[in-house]
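These notes concern the structure reproduced below.
The values are calculated or read from the model by the stated rules, or taken from the named source; none is laboratory data. No experiment lies behind these values; they were computed from the predicted model shown. We place every Cβ from the backbone using ideal geometry, glycine too, and count neighbours over all the protein chains shown. Surface areas here come from the heavy atoms of the whole protein model, side chains and all, with no ligands, DNA or RNA. Shrake-Rupley method; radii C 1.70, N 1.55, O 1.52, S 1.80 Å.
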Amino acid sequence: MEFNRKDILDIASLSKEEISFILDTADKMREISERPIKKVPTLRGKTIVLFFYEPSTRTKLSFDIAAKRLSADCVSLSASSSSMVKGETLIDTARNLEAMKPDVIVIRHSASGAPHMLSRYLKTSIINAGDGTHAHPSQALLDMMTVREKKGDLNGLRIAIIGDISHSRVARSNIVGFTKMGADVVVSGPRTMIPKGIENLGASVSHSVDLAVQDADVVMMLRIQKERQSSFLFSTEREYAREYGLSEKRMKIMKPDVLIMHPGPINRGVEISPAIADGKHSVILDQVTNGVALRMALFYLLAGGIRNADD
Ligand code: CP
């Protein structure tokens, strides 16, 4: 198929066919990271800028590694070391970046909609690496890639997403993505962390974590995003772990072949017990491995100039 998008801003704007095509392309990329020499010349001469206004380990490093595996030049700018600390606006900063002729700008920002604004002002391709509580498309794509790898197909699966749904761009992108691919998504967590209207994205809501997870093929646990909370939304971490966390006791009511996922960073002993995070059902590190291949696919499709994964 043709893949003619300029940007990757969210999952909502991608069709089911485009998502499948991105996942197929990422599957082909995965093998490059297994080679003794993990590098192909595909994006030689291309320049990628990573522009991160919020902390990141997995997303930033995997975009950086993905660019290098495709032989692109990759440079990085953080908010604290940029001239934004001297008062330069986001759009002026972005226009100056564009003047240096990069091929792709990857941006993470605390304001929902920041990547969309850049995409309207700039001709350069924009990839959203997470904006506020809105969207984290590359995370949702790597999550779908991981589930597809393990389960064969996304259609008909039941996905439970548990925790701080209100503040989670990962939850929103995954709800939209998995439902688009034919899965059923249920969300659960403290009532204070389930936003009104989340059903409009395609998820159902269960106020019982046990009911949400017992028939699930995939259980995705989320961190409490204290940095985005303006008030206390739960009493103590110990109580949160007991009521909403994934414990060995809760695992006993779940399917024997359930996959346990987490976008990271994990708060061990709060939303997930260490034994489960490191246990045989966990695919948390497979998500990280697939993140490199998935981001290689995004760079290839936006900057490679070759639009067919079979070419
Ligand atoms: N999953 C994720 O976005 O992790 P980082 O914040 O470490 O990038």
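Which helices pass in the chain if a helix is a full DSSP H run, must span at least 15 angstrom along its long axis by Cα, and must have mean Kyte-Doolittle hydropathy not below 0.5?
Numbers: long enough: 16-30 (21 Å, -0.57); 58-69 (16 Å, -0.59); 137-151 (21 Å, -0.57); 169-180 (17 Å, -0.07); 284-303 (28 Å, 1.23).
For the chain, where a helix must reach 15 Å along its axis and average at least 0.5, the hits are 284-303.
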With the 1.4 Å probe rolled over protein heavy atoms, the chain has an accessible area per residue in Å² of 44 Å²
Name the long-range amide H neighbours of VAL187: under 5 Å, sequence gap of 5 or more, or other chain; modelled H, no Pro or chain starts.
-> ILE161, SER204, VAL205, SER206
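Restricting to Cα pairs below 8 Å that are 6+ residues apart, what does the relative contact order work out to for the chain? Please round to a whole percent. Display every interim value, and only then the final one.
Numbers: 585 pairs, mean separation 68.1, N = 311.
Contact order relative to length: 22 percent.
Where the convex hull is taken over the Cα atoms of segment 96-154, what is its projected area averaged over directions, in nm²?
Projected area, direction-averaged: 5.0 nm².
Over segment 137-286, what is the relative contact order in whole percent, taking alpha-carbon pairs under 8 Å and six or more residues apart?
Working: 261 pairs, mean separation 34.9, N = 150.
Dividing the mean separation by the residue count of segment 137-286 yields 23 percent.
Taking the Cα centre of the chain as the origin, how large is its charge dipole in debye, to the nearest 20, when only Lys and Arg (+1) and Asp and Glu (-1) carry charge on their Cβ atoms?
The dipole of the chain has a size of about 520 debye.
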Loop-located trypsin sites (Lys or Arg not before Pro) in segment 67-159 whose Cβ has at most 14 other Cβ within 10 Å (DSSP) | LYS123
Taking only the alpha-carbon positions of segment 63-197 as identical scatterers, the Debye log10 I(q)/I(0) at q = 0.14 Å⁻¹ comes out as -0.78
Taking amide H positions as placed in the peptide plane 1.01 Å from N, state which residues far from CYS74 in sequence (5 or more) or on other chains have amide H under 5 Å from it.
-> ILE48
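Counting GluC sites (Glu not before Pro) as exposed when in a DSSP loop with at most 14 other beta carbons within 10 Å, what is the longest stretch of the chain free of them? Display every interim value, and only then the final one.
Details: sites that count: GLU2, GLU88.
Between the exposed loop sites, the longest stretch runs 89-311.
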Of the residues ILE162, GLN225, SER273, the Cα lying farthest along the dipole of segment 137-286 towards its positive end, which is defined by charges on the beta carbon of Lys, Arg, Asp and Glu, belongs to GLN225
Could you give me the percent of Cα pairs per 10 Å distance bin for segment 137-286, shortest bin first, beginning at zero and ending with the bin that holds the maximum distance?
-> 12, 47, 36, 5, 0
Counting only protein heavy atoms with a 1.4 Å probe and every protein chain in place, the carbon and sulfur fraction of the accessible surface of the chain in whole percent equals 50 percent
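Would you mind computing Rg(Cα) / (2.2 N^0.38 Å) for the chain, counting N as its residues? Let's see the in-between values first.
Details: Rg = 19.2 Å, N = 311, 2.2 N^0.38 = 19.5 Å.
In units of the 2.2 N^0.38 Å rule of thumb, it is 0.98.
Report the charge-dipole magnitude of segment 137-286 in Debye, nearest 20, computed about the Cα centre from +1 at each Lys and Arg Cβ and -1 at each Asp and Glu Cβ.
Working: 20 positive and 18 negative charges, 38 e Å.
The calculation lands at about 180 debye.
So what is the calculated 222 nm ellipticity per residue for the chain, using -39500 (n - 2.57) for each DSSP H run with n of 4 or more, over all residues, to the nearest 500 deg cm²/dmol?
Details: 11 runs with 114 residues, N = 311.
Computed ellipticity for the chain at 222 nm equals -11000 deg cm²/dmol.
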